[in-house]
């Protein structure tokens, strides 16, 4: 049968029942918030088993199993409760003890895995029957246990003594490698933590609905909102930002979007806080201040073509350093901090990180492993308090006004680096073409002039008896006042942007009275175009190769050319898709589209051009 969307994808009746069962679980206030990652397989992979659950949280479901939607909901909840009750944890399993092995003491588990699985199944089944969720796949167990046994260990002991369950079917996989957590390193079972919060939230939601206080405002005055209110009342630097954000404490959303602690959606003006993160009041203040500064300092805009995750990590180090200096709240254990990075900007730190991707690509942000806690959706939002001000304008003005209030009121210490970044937000950026012109000024000062009697001055006519010299440019070698241009002509280079950049280079060269420039086109190989006048660069250059991007041959050609001056600078125009690091021994600069970034830390200047 075709799916309801009419896309032509055929869904079997069994898979349709499974999807309906998953929908039942998602609609439950308790089981929708528990951990576990569902993956569907068929009977070829699963055999007769309907479900299997592993200690790392993966739950495999047999979509060909003949279960009703209610039975599927029951089965999924059953597997998730195995994780939530810690049934894979070594310390909860019978026979967990320290023994001497190979001359060293080690903790081992010596229990019957099949019997332990059955004991846990009976315990979970009782829990689900008591709360009347779903429909059990085994309404009349063949080997019941006394109702007084309400603990998995006691049930296990009873089964071992009675001989029950020795040949049972196991849905818990991997019990031969139970989970061991080191309390000294603050390790804990995250599934059990999520269950505690999910149980509390499911009970509170029922109470709110019974009291007629459900709906969107039901979670008002939560701990994160009270922490945000503290900034409005006591910390003017971030108070304006705090007033403009909506704090959302939604476990289901955080689970769906993989937000471990918190994340900020700068487009929607929301900060998401995961209630299962277990933050205390001081840690909440730190995390909220962290997210406020991400938005206020425009980190989503300043990324500008960099790797978003690495840029996020660099900003996290800088922000956390400032917050620790200002003693705002308490940094959670997973916060990124390095005291040696004091006074290092996010841009500089990012350039360092690019050189060691293996180290920095494994760090956690407050959102989680491999994900940035700054979420920037498509399109610009607008601040709810103004119909004309964009969110970006609001973030800037709120932080700048907060700085003035903070300083004028003497409300506490602020790091100099933070003050500089906030004040820089109010300064309009210098256009890239002006920056390029300043770079030309460094190498091509106006030519010196000298007096000569070989060419009479124009004033000679007024005093024919008095010889007057004229001023003419000093004699210079034709190719000494020149520079090199290495142009990326690979297939990824946009012709329109390339022409725009070349036009700007040509106009500045002509304005600085540079007679010729040595031009080299480069993709997979170098093509020497020789010396060209500025007007030829702008209008009559025919771009050659369109292969890959390897610019080192073009640089080597210029640096090895005998007719190119030793002090001649090199300007490299590229789109940033470069296959390897470029080694340049002389003065140089890069001209790169603003939407891109170089894949290495450049030693020369970088100008990001745009139309």
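The values are calculated or read from the model by the stated rules, or taken from the named source; none is laboratory data. Since the structure is predicted, the reported quantities are computational estimates derived from the model, not experimental observations. Glycine also receives a Cβ, built like all others from the backbone with ideal geometry; neighbour counts cover every protein chain displayed.
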> Of the residues that make up the stretch 9-25, is at least one within 21 Å of residue 199 (Cα to Cα) and either surrounded by fewer than 16 Cβ atoms within 10 Å (Cβ to Cβ) or not assigned by TED's automatic domain parsing to the domain that holds residue 124 (or both)?
Replying inline: yes
> Which of the following residues is touching a strand residue (DSSP E or B) at 6+ places or on another chain (Cβ under 8 Å) and within 30 Å of residue 355 (Cα to Cα): 319, 259, 271?
Replying inline: 259
>> Can you tell me how many residues within the stretch 576-609 are in contact with a strand residue (DSSP E or B) (Cβ under 7 Å, 6 or more places away or on another chain) and part of a loop (DSSP other than H, G, I, E, B)?
In response: 7
> For residues in the stretch 178-195 being without any contact (Cβ under 8 Å) to a residue 40 or more places away in the chain and more than 25 Å from residue 112 (Cα to Cα), which is surrounded by the fewest Cβ atoms within 10 Å (Cβ to Cβ)?
Replying inline: 184
> Considering the stretch 31-69 alone, what residues qualify as being in contact with a helix residue (DSSP H, G or I) (Cβ under 7 Å, 6 or more places away or on another chain) and in a helix (DSSP H, G or I)?
Replying inline: 31, 32, 33, 69
>> All but one of (1) at pLDDT 85 or above; (2) more than 21 Å from residue 606 (Cα to Cα) hold for residue 545; state the number of the condition that does not hold.
In response: (1)
>> Condition first: over 27 Å from the mean Cα position of the chain (by Cα) and not in a helix (DSSP H, G or I). Now tell me which residues in the stretch 178-201 satisfy that.
In response: 178, 179, 180, 181, 182
>> On the basis of being modelled with pLDDT of 85 or more and either in the same structural domain as residue 53 (by TED's automatic domain parsing) or within 24 Å of residue 332 (Cβ to Cβ) (or both), does residue 167 make the cut?
In response: no
>> Any residue in the stretch 97-120 that is closer than 17 Å to residue 158 by Cα sitting within a Cβ distance under 7 Å of a residue that is at pLDDT below 65? List the pairs, counting only those 6 or more apart or interchain.
In response: 114/165; 114/166; 114/168; 115/165; 115/166; 117/168; 118/165; 118/168
> Do we find a residue being modelled with pLDDT of 70 or more, buried (at least 17 other Cβ atoms within 10 Å of the Cβ) and closer than 19 Å to residue 264 by Cα anywhere in the stretch 346-353?
Replying inline: yes
